[in-house]
Amino acid sequence: MATSEQMRVHGLWIDGAEHPAQAGATFAVHAPMDGTLLGYAARAQAADADSAVLSSRRAFPVWAALPPAERERILLRAADKVEQASAALLDLVIDESGSTISKARYEVTYTANLLRAAAGEVRRLYGDTLPSEKPHRLSLVIREPLGVVLAISPFNAPLVLLAKMVVFPLAAGNAVIAKPSEETPLIALAFAQILHEAGLPPGVLNVVTGYGGECGLALVQHPDVDGIAFTGSTATGAKIAQIAAPALKRLQLELGGKNPLLVLDDADPVQAAEVAAVGAFYHGGQICMSSSRIIVEKGIARPFAEALVRKARALVLGDLRDERTAYGPLITPQALEKVQRHVQGAIAAGAQLLAGGDVYNGLVYQPTVLYAPPLDTPAWREETFGPVAYVVPVDDLEAAIAAANDSAMGLSAGVLTNDMQRGMNAARRIRCGAVHVGTHSFQSDALAPIGGFGLSGIGRSGGRYSIEHFTELKWISLELGQTPRPF
Ligand code: NAD
């Protein structure tokens, strides 16, 4: 029998309180690990999107006018409260997104870190004074918040990615409406509640739960939404860009990746395999920056692949609350079907299957290693978003860089080498938003610019890059006594 928590309907978070959707609709939230019912969330439609935007518009000038020190205090207090609430947040991240305890801990710790980083940015909303061409002119440049920012988040890191898109626009004085993934609405509501308890005024952060094609679309189309921060798939990002274009909304899109990890032949193959396994298999590969294409110089390709296979076979799968567990389930049966299709397609095209290649249990897929040259198949071209490492042997560094750049996406890359000259050469020539020399492609840093080339997105988030994106520059000039020029 369902418990009262399982039967609970979590309302939309608007104006600092829970509200049912106006049409009364709800949707069930299930744990991907075993299908357990976690509760119900309000299923918002266009009318609810309108209410959220109205509330945000009212809250925006109040928040923007608060002295920076007050905004800073609230964000710092929220960071402490995230840490205090960590036990409950960990449970929600584990249950809702199928994360392991260690991945959930990373999300909670990093969210507190993001809040503190954003609090630091509040005091750095600097402007400029410009040397003017006119002798009697004082020229100032100031930064103003954009207004109402919509943050649309994906399922795979439901707390940290939502937080990243919320805290920096808030720091800059914007009001934010969060639209979390329909797979993970509850953690977003918990996060908003914490910010509220930390003193965030009502309406400054609203959370609208529901489906992308319903409330998500309504929010993107809404004329009173000024900017959009979106993290999700390239297909959805492109759709949002198209819808937002006529109103010229400010867009920041963080989209998919098909990230290369280069292993150069001076690297130790066993150590490199340890690093590559984290890059490829962390959270079952459901990470935008996961190292899904592993490009290895042929001198060490075989010993590297053998070490990666040993590592893959030794990974512990299963109990999400066991510290040793490497990863859990894929998010949905559709996600599992895609992974299977990619693997089968690569094998049919001639790839060797060195490890895995099948379901482990439920939605948990085995750590899988494919070995092949670049094959024009979805496993090489498209985001698999599963625990699949596609290992490609190449002749030399030139071929490795060419293979790395053989993608329409360009989010993140890694280069494993002890030769800094070759490492930096690769870093300069790989067309990605980030290149990490000495480690795999999945790295984050609160103040670093996160984003990608090509189909991986537009704009950068993180620290001052988010602040710059979600503020307007205004030039103010002051005439100091010049008489008007005759016509
Ligand atoms: P998704 O694109 O299916 O959904 C993302 C969000 O968009 C969800 O909240 C969804 O409800 C919403 N949405 C869907 N259609 C919409 C519409 N028409 N209008 C408005 N909103 C809409 O992505 P997902 O499956 O949740 O997440 C996985 C994807 O996210 C992967 O492609 C991954 O690479 C990407 N991702 C990118 C980054 C990055 O930093 N670049 C980080 C994490 C995940």
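Just the residues that are surrounded by fewer than 23 Cβ atoms within 10 Å (Cβ to Cβ) and part of a helix (DSSP H, G or I), please, taken from the stretch 75-88.
Scanning the stretch 75-88 gives 76, 77, 79, 80, 81, 83, 84, 86, 87, 88.
For the stretch 111-127, which residues satisfy the criterion of being assigned to a loop (DSSP other than H, G, I, E, B) and buried (at least 17 other Cβ atoms within 10 Å of the Cβ)?
125
Any idea which of (1) free of Cβ contacts under 8 Å to residues at least 40 places away in the same chain; (2) within 13 Å of the ligand (Cβ to nearest atom); (3) in a loop (DSSP other than H, G, I, E, B) is the one residue 242 doesn't satisfy?
Going through the list (1) free of Cβ contacts under 8 Å to residues at least 40 places away in the same chain; (2) within 13 Å of the ligand (Cβ to nearest atom); (3) in a loop (DSSP other than H, G, I, E, B), residue 242 breaks only (3).
I'm told residue 5 meets every condition in (1) part of a helix (DSSP H, G or I); (2) among the acidic types (Asp, Glu); (3) at pLDDT 95 or above; (4) surrounded by fewer than 17 Cβ atoms within 10 Å (Cβ to Cβ) except one. Can you identify the failing condition by its number?
Just one mismatch for residue 5, condition (3).
Can you tell which of 61, 32, 67, 20 is touching a residue at least 12 places away in the same chain (Cβ under 8 Å) and over 24 Å from the mean Cα position of the chain (by Cα)?
20
Hey, does the stretch 348-356 have a residue that's within 27 Å of residue 34 (Cβ to Cβ), assigned to a loop (DSSP other than H, G, I, E, B) and under 28 Å from the mean Cα position of the chain (by Cα)?
yes
Do we find a residue being within 16 Å of the ligand (Cβ to nearest atom) and either open to solvent by 10 Å² or more (accessible area, probe 1.4 Å) or over 30 Å from residue 144 (Cβ atoms) (or both) anywhere in the stretch 188-202?
The answer is yes, given that some residue of the stretch 188-202 is within 16 Å of the ligand (Cβ to nearest atom) and either open to solvent by 10 Å² or more (accessible area, probe 1.4 Å) or over 30 Å from residue 144 (Cβ atoms) (or both).
For the stretch 214-231, give me the residue count where each residue is open to solvent by 30 Å² or more (accessible area, probe 1.4 Å) and either within 9 Å of the ligand (Cβ to nearest atom) or in contact with a Phe, Trp or Tyr (Cβ under 6 Å, 6 or more places away or on another chain) (or both).
Residues flagged as open to solvent by 30 Å² or more (accessible area, probe 1.4 Å) and either within 9 Å of the ligand (Cβ to nearest atom) or in contact with a Phe, Trp or Tyr (Cβ under 6 Å, 6 or more places away or on another chain) (or both) within the stretch 214-231 amount to 3.
Output the helices (runs of 4 or more DSSP H) that fall wholly within the stretch 373-487 and possess 3 or more residues being surrounded by fewer than 22 Cβ atoms within 10 Å (Cβ to Cβ), or say none.
Counting at least 3 such residues, we get 397-404, 420-429, 463-469.
Go through (1) within 16 Å of the ligand (Cβ to nearest atom); (2) over 15 Å from residue 355 (Cα atoms); (3) part of a helix (DSSP H, G or I) one by one and return the number of the condition residue 288 breaks.
All conditions are met except number (3).
Here are 450, 401: which of them is β-branched (Val, Ile, Thr) and within 12 Å of the ligand (Cβ to nearest atom)?
450
Let me confirm something: among 303, 329, which residue is over 23 Å from the mean Cα position of the chain (by Cα) and not charged (D, E, K, R)?
Sole residue among the options that is over 23 Å from the mean Cα position of the chain (by Cα) and not charged (D, E, K, R): 303.
The values are calculated or read from the model by the stated rules, or taken from the named source; none is laboratory data. The structure presented is a predicted model; accordingly, all values stated were derived computationally and were not measured. Here the Cβ is made from the backbone with ideal geometry for all residues, glycine too, and neighbour counts use every protein chain on show. All accessible areas refer to the heavy atoms of the entire protein, side chains included, with ligands and DNA or RNA removed. Shrake-Rupley method; radii C 1.70, N 1.55, O 1.52, S 1.80 Å.
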